[in-house]
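Colleague: Okay, here's the structure, questions in a sec.
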Amino acid sequence: MFENFSKTETARKTFLFDNCRCFCSGIIESLFKNLALVIAIRIFHASKMAKSFLVAAGFVGYFITAITQLLATKQTRLTTMDLCKKYMLTLAMLIFASIFVRSLRAFLLLIMLATMIFKQPVPLIEDAYGQNYSPQERGSRLACVLMVIPLSAIIFSLIGSKMMDFDLQNYKLILLVVSLAAVGSAISFSKIPSRILPSRKEKSIFANLKIIFQDKLFGMILLWWSFAGVATQMLNPLRTELLINGAYGINASNLFETVACMAIPYTFRILSSLLWGYFFDKAKLITVKLMVNLFAILGFLLFFHYQSKGIIILASIFAGIAWGGGEIIWCLWVTKVAPKENFSSYMGANVTIVGLRGLLAPFLGYGLSHYLTLRQVSYIGSAFVLISSCGLFLLRKHPRFARKNA
């Protein structure tokens, strides 16, 4: 699995400091993926609409990367990683400010802005991966560093949830630690070798989206991929809702919610990451994605179909395996479709579409839960994943997938 790792100084330095960045990112991610929603529910008694906005914020961040990336190409004095450093320092200030607010509206505003900023480095770090790693090692390299994110997220989520079980006001200390992690992430970004993004001829903020129509295969993959993405993005926050909202009958502790929604999925995300990275480097893209979809469906149906804590834990295991594969593929799949010189542009288009669907998905999920049971909503999500799988299966014989490493 590791025999293809290159020995260049650039690759080694990238790998080292990307691991440091990912450790800090895991702490930050634990807030945005789990603890912020718990704080909103337990401390500020957020409504469904407020929770929808909170969950959607990260995907708004993805969507506006089209704007920030265009601005980045015009800022010729900064490298991609220097830009990432500035994003993280801004994020740190926003999280720190959220410690002192007393209203739901102010808390949501600061956390939403911080979440949006957290997503801005995604297409920029993709460019660093494309430039600093060889094609034979990208999947395995990324699998290694992506194990660090869930590991630190698990540890901090468990500590944070236990602290809030002890005293809900400890959420302020949690926010302080996350702001310090953002500073650590900024320092790590500054150490990763990177280039100044070349200026593009296009002036439109959505210039990258033209690729979707110019490259038909890329556009079709995004279309079918989006069905599965919407399902995941609308059901993930409903996991927390099911467990800690007393209206659904479980009313679990903050600790059990973190175990089921973060610790177990992230543990199996870690355990499966190296295997998924190996599959990504060796197998066809469509084959790997179909395997991921299968685990996702199992996770959806089991989690929302039974109230037994044992079944919920089993469902969380399947979800974690799916997340492990989904993370690897999502970060690198454009490298199997796009020309090397256009990795950043293709990823920018990908991230923008992810942002658009993720902006709508939480409102769809919470909206459906107002009229349907969560079990019925999970059936709809599973049907979306099946549609995605069928569409991608039809693309498996495309000539571009016949070449090596595609």
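Colleague: Looking only at the stretch 371-385, which residues are out of contact with any helix residue (DSSP H, G or I) (no Cβ under 7 Å at 6 or more places or on another chain) and in a helix (DSSP H, G or I)? Walk me through how you get there before you give the answer.
Modeller: We begin by selecting, within the stretch 371-385, every residue out of contact with any helix residue (DSSP H, G or I) (no Cβ under 7 Å at 6 or more places or on another chain); these are 371-373, 376, 379, 383.
Once the filter is applied, which keeps residues that are out of contact with any helix residue (DSSP H, G or I) (no Cβ under 7 Å at 6 or more places or on another chain) and in a helix (DSSP H, G or I), the stretch 371-385 yields 371, 376, 379, 383.
Colleague: Right, another one. For the stretch 42-63, name all the residues that are among the β-branched types (Val, Ile, Thr) and over 18 Å from residue 367 (Cα atoms).
Modeller: Taking the stretch 42-63 first, the residues among the β-branched types (Val, Ile, Thr) are 43, 55, 60.
Within the stretch 42-63, 43, 60 meet the criteria.
Colleague: With the condition kept exactly as written, say whether any residue in the stretch 387-402 is out of contact with any Ser or Thr (no Cβ under 7 Å at 6 or more places or on another chain) and under 20 Å from residue 48 (Cα atoms).
Modeller: Of all residues in the stretch 387-402, those out of contact with any Ser or Thr (no Cβ under 7 Å at 6 or more places or on another chain) come to 387-402.
Checking which are under 20 Å from residue 48 (Cα atoms) leaves us with none.
No, the stretch 387-402 contains no residue that is out of contact with any Ser or Thr (no Cβ under 7 Å at 6 or more places or on another chain) and under 20 Å from residue 48 (Cα atoms).
Colleague: Collect the residues in the stretch 180-193 that are of a type in the set (Ser, Thr, Tyr) and buried (at least 22 other Cβ atoms within 10 Å of the Cβ), keeping them in residue-number order.
Modeller: Narrowing the stretch 180-193 to residues of a type in the set (Ser, Thr, Tyr): 185, 188, 190.
The answer is 185, 188.
Colleague: Working carefully through the options 31, 91, 70, find the one that is of a type in the set (A, V, I, L, M) and surrounded by fewer than 24 Cβ atoms within 10 Å (Cβ to Cβ). So that I can check it myself, show each step before the final result.
Modeller: Details: 31 fails: surrounded by fewer than 24 Cβ atoms within 10 Å (Cβ to Cβ); 91 fails: surrounded by fewer than 24 Cβ atoms within 10 Å (Cβ to Cβ).
Result of the check over 31, 91, 70: 70.
Colleague: Something else: In this structure, does residue 97 turn out to be over 13 Å from residue 28 (Cβ atoms) and without any contact (Cβ under 8 Å) to a residue 12 or more places away in the chain? Outline the logic, then answer.
Modeller: Working: over 13 Å from residue 28 (Cβ atoms): yes; without any contact (Cβ under 8 Å) to a residue 12 or more places away in the chain: no.
Here the answer is no, as residue 97 does not meet what is asked.
Colleague: Let me ask another. If you scan the stretch 51-82, which residues turn out to be in a helix (DSSP H, G or I), closer than 23 Å to residue 359 by Cβ and aliphatic (A, V, I, L, M)?
Modeller: Restricting attention to the stretch 51-82, the residues satisfying the condition of being in a helix (DSSP H, G or I) are 51-63, 65-74, 80-82.
So of that shortlist, the ones also closer than 23 Å to residue 359 by Cβ come out as 51-63, 65-72.
Result: 54, 55, 56, 57, 60, 66, 67, 70, 71, 72.
Colleague: Follow-up question, since we're still on this one. Given (1) surrounded by 22 or more Cβ atoms within 10 Å (Cβ to Cβ); (2) under 25 Å from residue 333 (Cα atoms); (3) at pLDDT 90 or above, identify the lone condition not met by residue 239.
Modeller: Single failed check for residue 239: (2).
Colleague: May I pose another question? Please indicate, with yes or no, whether at least one residue in the stretch 158-168 is in contact with an Asp or Glu (Cβ under 8 Å, 6 or more places away or on another chain) and either of a type outside the set (Val, Ile, Thr) or assigned to a helix (DSSP H, G or I) (or both).
Modeller: First pass over the stretch 158-168, keeping only residues in contact with an Asp or Glu (Cβ under 8 Å, 6 or more places away or on another chain): 161.
From the residues that got through so far, the ones that are either of a type outside the set (Val, Ile, Thr) or assigned to a helix (DSSP H, G or I) (or both) too are 161.
Scanning the stretch 158-168 turns up at least one residue that is in contact with an Asp or Glu (Cβ under 8 Å, 6 or more places away or on another chain) and either of a type outside the set (Val, Ile, Thr) or assigned to a helix (DSSP H, G or I) (or both).
Colleague: Within the stretch 34-50, which residues are part of a helix (DSSP H, G or I), surrounded by fewer than 24 Cβ atoms within 10 Å (Cβ to Cβ) and not aliphatic (A, V, I, L, M)?
Modeller: 42, 48
Colleague: Another question, if that's okay. When the stretch 212-229 is examined, which residues are found to be of a type in the set (A, V, I, L, M, F, W, C) and touching a Gly at 6+ places or on another chain (Cβ under 8 Å)?
Modeller: Applying the first criterion (of a type in the set (A, V, I, L, M, F, W, C)) to the stretch 212-229 yields 212-213, 217-218, 220-225, 227-228.
Scanning the stretch 212-229 gives 212, 213, 220, 223, 224, 227.
Colleague: Kindly indicate the residue of the stretch 1-46 that is β-branched (Val, Ile, Thr) and at pLDDT below 85 and also farthest from the chain's Cα centre (by Cα) among those meeting that condition.
Modeller: Keep residues of the stretch 1-46 that are β-branched (Val, Ile, Thr), which gives 8, 10, 14, 27-28, 38-39, 41, 43.
Right, trim to at pLDDT below 85 and you get 8, 10.
Values: 8: 29, 10: 26 Å.
The extreme case among them is 8.
Colleague: In the stretch 92-101, is there at least one residue being within 20 Å of residue 191 (Cα to Cα), under 22 Å from the mean Cα position of the chain (by Cα) and not in a loop (DSSP other than H, G, I, E, B)?
Modeller: yes
Colleague: Go over the candidates 302, 392, 364 one by one and state the one that is surrounded by 22 or more Cβ atoms within 10 Å (Cβ to Cβ), farther than 23 Å from residue 122 by Cα and either modelled with pLDDT under 80 or not aromatic (Phe, Trp, Tyr) (or both). Steps first, answer last, please.
Modeller: Numbers: 302 fails: surrounded by 22 or more Cβ atoms within 10 Å (Cβ to Cβ); 364 fails: surrounded by 22 or more Cβ atoms within 10 Å (Cβ to Cβ).
One residue alone meets the criteria, 392.
The values are calculated or read from the model by the stated rules, or taken from the named source; none is laboratory data. Here the structure is a predicted model, which means the values were calculated and not measured. Glycine also receives a Cβ, built like all others from the backbone with ideal geometry; neighbour counts cover every protein chain displayed.
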